Amino acid sequence: MLRRIGVVDTTFSRVNMGSIAEMELRECGSGFRTLRRTVPGVKDLPVACKKLIEEDSCDIVIACGMPGKEAIDKVCAHEASQGIIQAQLMTNIHIVEVFVHMDEADNERELKKLAENRTREHARNAYLLLFKPEMLIRQAGTGQRQGFPDAGPVGEDERSTIVH
């Protein structure tokens, strides 16, 4: 059976995150069809994701957005995130949220690189959730960070101080 992976991005984003996700998915493997939608902003993502699941039978969805750096943008991102969580709970389908806040980088070059890396890594995560969940189990506790260098597991010295 051919699986379906939905990809939703926004026109507000300053990087074409949806195309990056589609390219990364093609590099991951086959056995799926990608369905792409674009909406104006992050608060439009939850319903677009839910529609891909309910109307287009997607098995997983990747939601890409780039909230701005103003306080109102952070509120909108939080509301969108809450909507995405609600859509997951209503449909029992994973929606991998890929948000890159415009104030996470010091300049436009770094912002673009962050958006590309985070989108690629989360697209891989979506693929693994759908096709190879055991690979994610092997990464448990390894301090994975999407878009930034991985933090790594807690060192031996720090682990030995934990009191049970």
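The values are calculated or read from the model by the stated rules, or taken from the named source; none is laboratory data. In this text, all values refer to a predicted model and were calculated from it rather than measured experimentally. We place every Cβ from the backbone using ideal geometry, glycine too, and count neighbours over all the protein chains shown.
Within segment 23-66, the residues that satisfy the criterion of being surrounded by fewer than 18 Cβ atoms within 10 Å (Cβ to Cβ) and part of a loop (DSSP other than H, G, I, E, B) are Gly29, Ser30, Gly31, Pro40, Glu55, Asp56, Ser57. Whenever a residue of segment 49-63 is within 16 Å of Asn125 (Cα to Cα), its partners that are acidic (Asp, Glu), lying with C-beta atoms within less than 7 angstrom and at least six residues away or across chains, give the pairs Ala63/Glu97. For Gln139, are the conditions met, namely being surrounded by fewer than 18 Cβ atoms within 10 Å (Cβ to Cβ) and at pLDDT 90 or above? Spelling it out, Gln139 is indeed surrounded by fewer than 18 Cβ atoms within 10 Å (Cβ to Cβ) and at pLDDT 90 or above.
In summary, Thr91 fulfils each of the numbered conditions (1) among the β-branched types (Val, Ile, Thr); (2) in contact with a Lys or Arg (Cβ under 8 Å, 6 or more places away or on another chain); (3) under 20 Å from Arg14 (Cβ atoms) with the single exception of condition (3).
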